[in-house]
1. Per DSSP helix of 4 or more residues, -39500 (n - 2.57); summed, then divided by the residues of the chain. What does that give at 222 nm, rounded to the nearest 500?
2. Evaluate the relative contact order of the range 21-64 (contact order divided by residue number), counting alpha-carbon pairs under 8 angstrom at least 6 apart; express in whole percent.
3. Quick one: go through the range 19-48 and flag any residue whose amide nitrogen is under 16 Å from the point 7 Å out along the Cα-to-Cβ line of residue 113.
4. Please give me, ordered by residue number, the trypsin sites (Lys or Arg not before Pro) of the range 68-129 that lie in loop per DSSP and have at most 12 other Cβ atoms within 10 Å.
5. In what order, largest first, do 177, 193, 119 sit by accessible area if the probe radius is 1.4 Å?
6. Could you run the Karplus curve 6.51 cos²θ - 1.76 cosθ + 1.60 with θ = phi - 60° over the range 3-13 and give me ³J(HN,Hα) per residue in whole Hz, x for Gly and Pro?
7. Whole-Hz Karplus ³J(HN,Hα) for the range 101-114, in order, using 6.51 cos²θ - 1.76 cosθ + 1.60 and θ = phi - 60°, x for Gly and Pro?
8. Hey, any idea what Rg/Rh is for the range 6-244, computing Rh the Kirkwood way over Cα pairs?
Amino acid sequence: MMYQPYDIEGATRPGRWLVTCDHATNTVPPFVNGGTLGLGAEDMNRHIAYDVGAAGVSRALAAALDAPAILSNFSRLVIDPNRGEDDPTLLMKLYDGTIIPGNRHAGPEALQERLNRCHRPYHTALSELAARRSDTVIVSVHSFTPRLKTGPARPWHIGLLYAADARLARPLLTRLHAEPDLCVGENEPYGGHLPGDAIARHAIAHERLNILIELRNDLIETPEQQSAWAARLAPILQAGLADTGL
């Protein structure tokens, strides 16, 4: 079977939303060191390799919104689709204290191959999906670990990330803060979008409404948890969009 660097679900769904999942899988394509980065299963199954649980939430959320979803099919350690092509963290050789053996000697030629076979096809497909409507709204689904090896505990259940365009973020934050059982982060556990990242490229550059959602990965480990979060978030997203009047 020919390797495909992304998966699209519901391409013909009519909804205004476009759900993206940049770090959906821990797949290492066969052309990268024979399909391995030299890490054991324990490391490949943690947050350094992909966003645990984010794919299941993305698929269920897209179905609930009657919208398409695009999910990457390569580990963020192969090449990070949520980074611009000139970002120094595009191809990581060390992440959260773990050395990536398969990237240790990866030079410009390996980088270009991964750009051409993974990163660029994903972004081309995302661009085409985003352009299917003039009023597309992008929601990017990510997850985060409760604690990095060298950092403090992260208390948030959910975080909303945004840059200068807060048109959608503000009403969504208001609605999430009204949920009594949620600890909500604003640009937590990370700051707003990086220059050249996926939201900057496909939303901000086109003045599309957008939001990046971070869910703590211990809350979305099972299919049941993923479906429950999608069911909870879909009406909040729809109501927040309505609040913008756009």
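1. Calculated from helices alone, the mean residue ellipticity at 222 nm is -8000 deg cm²/dmol.
2. 47 percent
3. Residues 28-38 fall inside that zone.
4. 104
5. Sorted by accessible area, descending: 177, 193, 119.
6. Per-residue couplings from phi come out as 5, 10, x, 7, 10, 10, 10, x, 4, 9, 4 Hz.
7. x, x, 9, 4, 10, 6, x, x, 5, 5, 4, 5, 5, 5
8. Result for the range 6-244 is an Rg/Rh of 0.95.
The values are calculated or read from the model by the stated rules, or taken from the named source; none is laboratory data. The structure displayed is predicted, hence computed values, not measured ones. Because the Cβ atoms are built from the backbone with ideal geometry, glycine has one as well, and the counts that use them run over all protein chains shown. The area values use the complete protein model at the heavy-atom level, side chains included, leaving out ligands, DNA and RNA. Shrake-Rupley method; radii C 1.70, N 1.55, O 1.52, S 1.80 Å.
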